[in-house]
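Student: Can you read through this structure? Questions will come right after.
The values are calculated or read from the model by the stated rules, or taken from the named source; none is laboratory data. Here the structure is a predicted model, which is why all the values come from computation and not from measurement. Heads up, the Cβs are rebuilt from the backbone with ideal geometry, glycines too, and the neighbour counts pull from every protein chain shown. Just so you know, the surface numbers come from the protein's heavy atoms only, side chains and all, with ligands and any DNA or RNA stripped out. Shrake-Rupley method; radii C 1.70, N 1.55, O 1.52, S 1.80 Å.
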Amino acid sequence: MLVEAAASEPAAGRSFAGSASCRECHPKFYELWATSFHGLALQPWSAALAATLPAQTNEIRAGEFSFHADPARGLVEERGPRGVSRYPIQQATGGKNVYYFLTELERGWLQVLPVAYDARRGEWFDTTASALRHFADHPDAALYWKERPLTFNTSCHSCHVSQLAKNYDPASDSYRTTWAEPGINCETCHGPSAEHTRLFRALGTNPPPADALREPRLIVTRALSTAQRNDMCSPCHAKMTPLTDAFNPGDRYFDHFDLATLENRDFYPDGRDLGENYTLTQWRLSRCAQSGQLDCVHCHTSSGRYRFHAPETANQACLPCHSDRVEHAAAHTHHPAGSPGNRCIACHLPTTEFARMRRSDHSMRPPAPAATLAFASPNACNLCHTNETAHWADQRVREWRRRDYQKPLLERASLLAAARRGEWRRLPEILSWLREAGAEEIWTTSLVRALEACPQEEKWPVLRQLAGHLSPLVRGAVAEHLGRRLDRENLELLLKLAADDYRLPRVRAANALAPVREEELPPSQRAAVRAALAELENSWRARPDDIASRFNLGNFHLARGQARAALAEFQMAGRLDPTSFQPWVHSSLAHNALGENEPAEADLRRALRLAPTNAAIHLNLGLLLAEMRRPGEAEAAFRAALKADPALAQAAFNLGVLLAEKNPEECLRWCGQAARGEPGEPRYAYTLAFFQQRQGKLHEAVGTLQELIGREPAHPDAYLLLGRLYEGQGKPDQALAVYRRAARNLKLPEGLRAQFAARAGSKD
C-alpha cells in the first residue's frame, strides 16, 4: 500500500520538516521550486492536471491488448482476451517532454500505465513500445506493462519522491512504500531542515546573527566544493548501479554508485546517446567538467531550470572561461549573429531524442559528422540541417578547422567498436591507447570493460598497470576484470584495491576475492578484505526487490561455498522475474554443489523452456548429464550448445572429451576447435595434445605442446608430456632440453623446478 507520510513528521527517524517549512523565510525560492520539474517530479493525479490533457482519440494496441486513457474520468482502460479492466490514474510523473501515469496494483506495486502523453506533440502513445532500441542484430522486445521493469517502486521512486521508504517484504513480494513528499524537495539537497527551522524561528530577528549564519544546521550548497555539488546532482542524472541507499549531499558519488560507460550498447561507439543515459557519463567526458571548475548550478538553478534561455544571454553560459570565443561568436560558429546556430549550445550540447524524451549531450564536444559516417551517430550539424548529408557537414567542418579535431575521436571510437565486436586483431592498438590514456576516465573504463571478453594474454600487464589509475571508476572496472583470473599478480593488486579509499573499487575487489578463503590471505590484509566483503554484501541487500541484486548475492554465496544460501537468492531472483532464465541456470549450479542433481536438472529444463536456443543452458545441461553418467543425452546437449553458438569453446572441448572412445577423429576435431577458439585456456591445448599422442599423431602432439609452452610457459604438465613424447620417440636430447627449460622457468613453483632438474639430471 502506498502512503504519503505527513511532511511535518520525521522520515525514517531523521528530522525532516518538509518543503512547506521553507516558504516562511524563502517564499521566492519556494514558488520557483514548487512549479519546477524537480518539484513536480511526481504529483498526485488531480482534476486540474486532468483538465490540461485532451481525450485519447487514437487507438493504442500492443499484441492482443488495446489501451485507452480517459483523463476526464482519471483512468486507463485495457481490453484483452479476458475482457475489460479499468485502472485509476493515481500519480503522474514528468511533463517537460512526456507525462507517465501510475496506478497501484495488488501488493502495493505502483505500476507505470501502458499509455503516456507526449506534452510537446500533444498526443497519446504506447509507453513500452516508445522505449525500444532497434538494434539491427538484437532488437528489443516490448514488455507487457505489468512486468517488473515497469514497477515504479523497484526502478524509479528514488529520483521522483523525497525521503523514500520502500518497505519491501520479500516473503509476499509486496510494498508499503512511503515518502515525505512527491517530487524532489528542498531537503533532498539541503538535508534535514527541522533543526534549521527551529533555530531561525526562535531567533525571530532580521537579519539573523552571524553565528547562526555560520552554523545554520542544514547543508548550504555554496559551502560545498565543485565536485560535491556535481556529485549531489549525479545520482538522479546517471545511468548507474547503486552500491548503497544512503547517499547524502556532500558525499562522494563513487562511494555510493557505479556508472555505465560506453561499452554499453545504449551508447554509440563514439559516446553519443543511443538509449537513455541520464547525462552523467557524457558530462564526465567534457573537458569543462574535467577541469574541476564547472558545476551544474553554473547553467542550471537548484530547481533544474536552465539559466540562459534568453537569446541575448545564451552564450553567457560559457563565460568567463571562453570569453574570446563568446565575444567573437560568429567567427567561431560560422553562423550569423543572432541565429540559432550562433549559440554555443547548438554545436556543443546538441539535443537528441529517445522514447520521446529530449536530452542534451553534456560532453560539450564539437560536432563530429565523420563519426556519423562511421557509426551512424547523430551530429549537431545535421540535427539542424536536416536537408543535408553527413558528408556535407564533414566537408564544412574540415574547411572551417585546419586541425583534424575529429581524428582522435574516430580512433578511440573505432577501437571500442572493434572491442564490442570481439575483433581482437586490434588488441595491440587498444592496449597501446590504454597505456597512453593518462588520466582519461570514461574511455579507459569502457575499454577495460569491453576487454572482459578478450581471451588473449597480453591484456593482463596493461590491466594491472591501470589498477593504480587516478579514477575510482577505472579502478573499480579493473578490479572486476582482475577477478576473472586469480593468479598471484592479480591477487596482490586485488588485495590493495580491497582497501581502496573509495567504496566502488573496494566492493568490486571484494567480489573478485569472494572465492578466496580467508586463511589463504596474508594475515595483515584479512581485516580489510573482510570489511570489503561486508560492504559488498550490504550493497546487494540494500535493494531486496532488485533482480540483479538477488542474482549477484546468490553468486557471492556460491563463490563463498554457501550453496544453500545461494540457492535461496537464485530462486528469489527467479520469482521476481519469471521471464528470466539466468536465475534457474545458477540455481542448478547451487543444487549441484549440494549434490542434488535431479533438482539441478529440473532447473535447467525450466531455463530451457524460457530460452530454448540458449547455448549456455545447453552447455550446463550437458555437463550435468555427463556427471550423471548419461553420455548420450550429454552429447545431444553439447551439440545443441554448439548449434546455438558454434564458437563456444567449452562445449566443443567437452564434446570432444566425451567422444574420445566412441569417435576418436571427431574427438580431435572438437578439441582442436576448442584450443583454437580459446587459446587462453591451456587445458584445451593440453588435452588436444594428449589425444593426439594417444592416437599416434606424435608430430601434431609435439607441435601443439610447443605452441602451448610458448604461450603458457607456466604449464608444468605440458613440459612433462612433451618430454615423455620425445623419450618415446627415442630423442633423449630433446627431452633433456625440455626438462632443463622447465627447471630454469621461474614462473613454475620451486618444488616443480626441482623435480624437473632431477629428471634432467637422471638423463645426463
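Student: Could you look through region 348-359, keep only residues that are outside any strand (DSSP E or B) and over 16 Å from LEU285 (Cα atoms), and pick out the one that is most open to solvent (accessible area, probe 1.4 Å)?
Tutor: If we take residues in region 348-359 being outside any strand (DSSP E or B) and over 16 Å from LEU285 (Cα atoms), then ARG356 is most open to solvent (accessible area, probe 1.4 Å).
Student: Considering (1) more than 23 Å from TYR684 (Cα to Cα); (2) in contact (Cβ under 8 Å) with a residue 12 or more places away in the chain; (3) among the acidic types (Asp, Glu), say which one GLU712 fails and leave the rest.
Tutor: (1)
Student: Turning to a different aspect of this structure: One residue is enough: does region 11-19 have a residue meeting the conditions crowded, with 17+ Cβ neighbours inside 10 Å, at pLDDT 95 or above and hydroxyl-bearing (Ser, Thr, Tyr)?
Tutor: no
Student: Can you tell me which of LEU434, LEU493, LEU482, LEU504 is under 28 Å from PRO682 (Cβ atoms), among the aliphatic types (A, V, I, L, M) and buried (at least 23 other Cβ atoms within 10 Å of the Cβ)?
Tutor: Step by step, each of LEU434, LEU493, LEU482, LEU504 is checked, and only LEU482 is under 28 Å from PRO682 (Cβ atoms), among the aliphatic types (A, V, I, L, M) and buried (at least 23 other Cβ atoms within 10 Å of the Cβ).
Student: When only residues in region 449-508 that are polar (S, T, N, Q) and in a helix (DSSP H, G or I) count, which is nearest to GLN290 (Cα to Cα)?
Tutor: Out of the qualifying residues, it is GLN465.
Student: In the list PRO631, PRO599, which residue meets the criterion of being over 29 Å from the mean Cα position of the chain (by Cα), open to solvent by 40 Å² or more (accessible area, probe 1.4 Å) and in contact (Cβ under 8 Å) with a residue 12 or more places away in the chain?
Tutor: PRO631
Student: Inspect region 313-325 for any residue being open to solvent by 50 Å² or more (accessible area, probe 1.4 Å) and at positive phi and give the result as yes or no.
Tutor: No - not one qualifying residue is present in region 313-325.
Student: Within region 240-266, how many residues are open to solvent by 20 Å² or more (accessible area, probe 1.4 Å), of a type in the set (Asp, Glu) and touching a residue at least 24 places away in the same chain (Cβ under 8 Å)?
Tutor: 3
Student: Would you be able to say whether some residue in region 199-206 is without any contact (Cβ under 8 Å) to a residue 12 or more places away in the chain, in a loop (DSSP other than H, G, I, E, B), surrounded by fewer than 19 Cβ atoms within 10 Å (Cβ to Cβ) and on the phi > 0 side of the Ramachandran plot?
Tutor: Within region 199-206 (the criterion being without any contact (Cβ under 8 Å) to a residue 12 or more places away in the chain, in a loop (DSSP other than H, G, I, E, B), surrounded by fewer than 19 Cβ atoms within 10 Å (Cβ to Cβ) and on the phi > 0 side of the Ramachandran plot), the answer is yes, since at least one residue qualifies.
Student: Looking at GLY680, GLY656, GLY761, can you tell me which residue is open to solvent by less than 70 Å² (accessible area, probe 1.4 Å), within 30 Å of ALA636 (Cα to Cα) and part of a helix (DSSP H, G or I)?
Tutor: Just a single option satisfies the conditions, and that option is GLY656.
Student: Shifting gears a bit: Out of everything in region 162-198 that is surrounded by fewer than 19 Cβ atoms within 10 Å (Cβ to Cβ) and among the charged types (D, E, K, R), what residue ends up being farthest from the chain's Cα centre (by Cα)?
Tutor: So the residue we want is ARG198.
Student: Looking only at region 95-118, count how many residues are closer than 28 Å to GLU353 by Cα, touching a strand residue (DSSP E or B) at 6+ places or on another chain (Cβ under 6 Å) and either open to solvent by 30 Å² or more (accessible area, probe 1.4 Å) or part of a loop (DSSP other than H, G, I, E, B) (or both).
Tutor: 5
Student: Restricting attention to region 711-758, report how many residues are open to solvent by 80 Å² or more (accessible area, probe 1.4 Å) and out of contact with any helix residue (DSSP H, G or I) (no Cβ under 9 Å at 6 or more places or on another chain).
Tutor: 2
Student: Can you work out which of the residues in region 220-252 that are among the basic types (Lys, Arg) and assigned to a loop (DSSP other than H, G, I, E, B) is farthest from ALA532 (Cα to Cα)?
Tutor: Among them, the one singled out is LYS239.
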